[in-house]
1. Hey, can you tell me all the residues within the stretch 81-108 that are hydrophobic (A, V, I, L, M, F, W, C), under 24 Å from T131 (Cα atoms) and either open to solvent by 50 Å² or more (accessible area, probe 1.4 Å) or in contact with a helix residue (DSSP H, G or I) (Cβ under 9 Å, 6 or more places away or on another chain) (or both)?
2. Among (1) assigned to a strand (DSSP E or B); (2) of a type outside the set (D, E, K, R); (3) more than 30 Å from A12 (Cβ to Cβ), where does A114 come up short?
3. Pairs please, first residue from the stretch 3-25 and within 20 Å of T48 (Cα to Cα) and hydroxyl-bearing (S, T, Y), second anywhere and open to solvent by less than 80 Å² (accessible area, probe 1.4 Å) and assigned to a loop (DSSP other than H, G, I, E, B), Cβ atoms under 6 Å, 6+ apart in sequence or on different chains.
4. Mind checking whether some residue in the stretch 38-47 is over 28 Å from P20 (Cβ atoms), in contact (Cβ under 8 Å) with a residue 24 or more places away in the chain, outside any loop (DSSP other than H, G, I, E, B) and open to solvent by 60 Å² or more (accessible area, probe 1.4 Å)?
5. State yes or no: is G113 open to solvent by less than 30 Å² (accessible area, probe 1.4 Å) and within 30 Å of S78 (Cβ to Cβ)?
6. Given (1) of a type outside the set (V, I, T); (2) without any contact (Cβ under 8 Å) to a residue 24 or more places away in the chain; (3) in a strand (DSSP E or B); (4) surrounded by fewer than 16 Cβ atoms within 10 Å (Cβ to Cβ), where does G57 come up short, assuming only one miss?
Amino acid sequence: GGALTCKQDSLALAGSSTTPGAIFAWAGPGGFNSMLKNPVVKVSGTYTCTATHPANGCTASSTAIVLSDQTPPNATVSPTSAQITCSEASVALQAAGGNSYVWKGPGTFSFNGAQPTVNAAGAYTVTVTTTQNGCTATASTLVLLNQNKPQVSATSGALTCAQPTFLLSGNASTSGLTYAWTGPSGYQATGQQQTISAPGIYSLTATDPSSACTGTTTTLISENKTPPTADI
């Protein structure tokens with residue numbers, strides 16, 4: 001007997017007899033028949049060997065059980081999808097389910113081991129092997145690139161005696177951003193729009209929460225409060 005595996009998909013059965021010149025006949029699963037003493041089989045199951053005495057025709061039989069160990073590993077990869085962002089320039093992948101791991105990815109990427117750290121977008125595939133039986137299975141994951149910096153603009157204007165305050169307004173190429181302002185004399189505020197009363201240069205930073213990518217711009221708020229001349 002013995003076991004069929006992924007790395008050994010055939011097995012030689014061993015017939016034997018103490019009678020010189022004995023004739024062997026094997027029968028097995030799926031109608032298998034062979035007159036060889038040591039036939040090679042590729043199917044698991046019970047095989048019966050009948051040895052016949054060449055002089056008197058008497059027979060004796062024995063059986064051999066061929067097992068099968070060809071179950072592939074349960075290959076898994078986590079995370080099943082991931083992103084390279086402005087705050088996370090690399091992603092740690094984790095494979096499981098076997099004893100050895102070989103990765104292939106974008107370009108010439110290759111890695112041996114369960115946990116590679118990758119910094120390029122694309123599809124990554126791992127071949128997982130169970131060393132006991134040599135069986136393999138594959139699993140894949142997709143790493144996306146999310147590093148688009150938003151394009152940002154801000155309104156500019158002037159403070160006057162008639163308009164002593166000004167509504168700062170930020171605009172961006174994408175929605176769902178967070179806005180942070182800085183300005184003269186330590187000014188700080190959050191929100192897309194701000195009402196200000198001091199002239200100077202204001203800076204706006206817009207951040208995409210999904211990628212931590214930012215876009216920045218500045219705007220000048222001038223002041224025109226020169227009184228008119230009055231002649232009497």
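The values are calculated or read from the model by the stated rules, or taken from the named source; none is laboratory data. Keep in mind the model is a prediction, meaning the values are calculated, not measured. Because the Cβ atoms are built from the backbone with ideal geometry, glycine has one as well, and the counts that use them run over all protein chains shown. Accessible surface is based on the protein model in full, side chains and every heavy atom, while ligands, DNA and RNA are left aside. Shrake-Rupley method; radii C 1.70, N 1.55, O 1.52, S 1.80 Å.
1. If we filter the stretch 81-108 for residues that are hydrophobic (A, V, I, L, M, F, W, C), which is where we start, we get 82, 84, 86, 89, 91-93, 95-96, 102-103.
Applying the additional criterion that residues be under 24 Å from T131 (Cα atoms) yields 93, 95-96, 102-103.
V102, the sole residue that qualifies.
2. For A114, the failing item is (1).
3. If the second residue must be open to solvent by less than 80 Å² (accessible area, probe 1.4 Å) and assigned to a loop (DSSP other than H, G, I, E, B), the pairs left are T19/H53.
4. no
5. Numbers: open to solvent by less than 30 Å² (accessible area, probe 1.4 Å): yes; within 30 Å of S78 (Cβ to Cβ): yes.
Yes: the conditions hold for G113.
6. Single failed check for G57: (3).
Table: residues versus (1) within 23 Å of N133 (Cα to Cα); (2) open to solvent by less than 40 Å² (accessible area, probe 1.4 Å).
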position: A51; (1), (2): no, yes
position: A64; (1), (2): yes, yes
position: S68; (1), (2): yes, no
position: P79; (1), (2): no, no
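Let's see how each residue does on (1) part of a loop (DSSP other than H, G, I, E, B); (2) at pLDDT 95 or above:
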| site | (1), (2) |
| --- | --- |
| S62 | no, yes |
| P73 | yes, yes |
| V102 | no, yes |
| T127 | no, yes |
| S140 | no, yes |
| V143 | no, yes |
| N148 | yes, no |
